[in-house]
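Peer 1: Below are the structure tokens for one structure; questions will follow.
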Amino acid sequence: MPITSPTKVAHVVYRTRRFDEMVRWYGTVFNARVQYSNPALAFLTFDDEHHRFAFANMAVFQPDGGAGEKQNSIGADHVGYTYPSLRALLENYEALREQGIRPYWCIHHGITASLYYADPDGNQMEFQVDCLESSHDASDFMAAMFAQNPLGVEFDPADWLARLRSGTPETELLDRQKHEPISLIRGVFAQFISAQ
């Protein structure tokens, strides 16, 4: 089965202890607007994408960090790549799985359905498909639902692919009907907050 390339680079997520300063700086430098923000997370965009940058406030997630902080706990967390359709994302999941490459986190964020991978050096990436028709719809979803569940709910990509192949419309899977259980954070970011 052929590997599918993403259609665009979507966003970068940063872990920071200078949360307000970073949000202001990226807002200024990129003329970006805040799509959603709470004390722990902020999502900014400068165009029609729902977010181009996200910031995780490590002072909230790992309050005892700082001077003795683990190497790499501050900086880029992951880069997001967008696929043209849920079918393309999941067919690529299967092609990668056949090569022994498996995601470590499969989560429906509400604004995206996402598969997170790590390369051999541990660099993390998110392969995603947008769930909503427009950036405006995504902004509305974030405003309405992120206070309740800013992470999302996990899903089984093999199950979703089987359902698509049996005729389930993509829109049925992309419309997040369940907002619980809230997923635990996975990947490198989880190592930092669990080491407290």
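Peer 1: With surrounded by 19 or more Cβ atoms within 10 Å (Cβ to Cβ) and either farther than 21 Å from A10 by Cβ or of a type in the set (F, W, Y) (or both) as the only criterion, which of M142, M58 stands out? Show your work before the answer.
Peer 2: Numbers: M142 fails: either farther than 21 Å from A10 by Cβ or of a type in the set (F, W, Y) (or both).
Going through M142, M58 in turn, just one is surrounded by 19 or more Cβ atoms within 10 Å (Cβ to Cβ) and either farther than 21 Å from A10 by Cβ or of a type in the set (F, W, Y) (or both): M58.
Peer 1: Then there's this: Which residue is surrounded by the most Cβ atoms within 10 Å (Cβ to Cβ), if the candidates are limited to region 81-108 and must be under 19 Å from H50 (Cα atoms) and hydrophobic (A, V, I, L, M, F, W, C)? Step through it out loud before you land on a result.
Peer 2: Going through region 81-108, the residues under 19 Å from H50 (Cα atoms) turn out to be 81-86, 89, 107-108.
Within this subset, residues satisfying the condition of being hydrophobic (A, V, I, L, M, F, W, C) are 86, 89, 107.
Details: L86: 22, L89: 25, I107: 22.
Across region 81-108, the extreme among qualifying residues is L89.
Peer 1: Going by the conditions given, is L44 without any contact (Cβ under 8 Å) to a residue 40 or more places away in the chain and crowded, with 16+ Cβ neighbours inside 10 Å?
Peer 2: It is true that L44 is without any contact (Cβ under 8 Å) to a residue 40 or more places away in the chain and crowded, with 16+ Cβ neighbours inside 10 Å.
Peer 1: If we only count helices (runs of 4 or more DSSP H) wholly inside region 132-192, which ones have 2 or more residues that are closer than 19 Å to F55 by Cβ?
Peer 2: Hits in region 132-192: 135-145.
Peer 1: Where residues in region 1-21 are hydrophobic (A, V, I, L, M, F, W, C) and farther than 19 Å from Q124 by Cβ, which of them is nearest to the chain's Cα centre (by Cα)?
Peer 2: Among them, the one singled out is F19.
Peer 1: Can you confirm whether region 24-31 contains a residue that is more than 15 Å from the chain's Cα centre (by Cα) and among the charged types (D, E, K, R)?
Peer 2: yes
Peer 1: Quick check on region 109-123: of everything there that is touching a Phe, Trp or Tyr at 6+ places or on another chain (Cβ under 8 Å) and buried (at least 21 other Cβ atoms within 10 Å of the Cβ), which residue is farthest from H179 (Cα to Cα)?
Peer 2: Taking the candidates together, the pick is L115.
Peer 1: Which pairs turn up if I take residues in region 175-196 that are farther than 11 Å from R15 by Cβ and modelled with pLDDT under 80 and look for partners that are exposed (fewer than 13 other Cβ atoms within 10 Å of the Cβ) and of a type in the set (A, V, I, L, M, F, W, C) with beta carbon separation below 8 Å, at least 6 apart in sequence or on another chain?
Peer 2: A190/L184
Peer 1: Let me confirm something: among R15, R24, which residue is part of a strand (DSSP E or B) and farther than 18 Å from H109 by Cα?
Peer 2: Step by step, each of R15, R24 is checked, and only R15 is part of a strand (DSSP E or B) and farther than 18 Å from H109 by Cα.
Peer 1: Turning to a different aspect of this structure: Considering each residue of region 19-33, count those that are touching a residue at least 12 places away in the same chain (Cβ under 8 Å), over 23 Å from P63 (Cα atoms) and among the aliphatic types (A, V, I, L, M), and give that number.
Peer 2: Adding up the residues that qualify gives 1.
Peer 1: What about S73, is it in a loop (DSSP other than H, G, I, E, B), of a type in the set (G, A, S) and surrounded by 13 or more Cβ atoms within 10 Å (Cβ to Cβ)?
Peer 2: Spelling it out, S73 is indeed in a loop (DSSP other than H, G, I, E, B), of a type in the set (G, A, S) and surrounded by 13 or more Cβ atoms within 10 Å (Cβ to Cβ).
The values are calculated or read from the model by the stated rules, or taken from the named source; none is laboratory data. These numbers come from a predicted model, not from an experiment. Cβ: placed from backbone, ideal geometry, glycine included. Neighbour counts: every protein chain shown.
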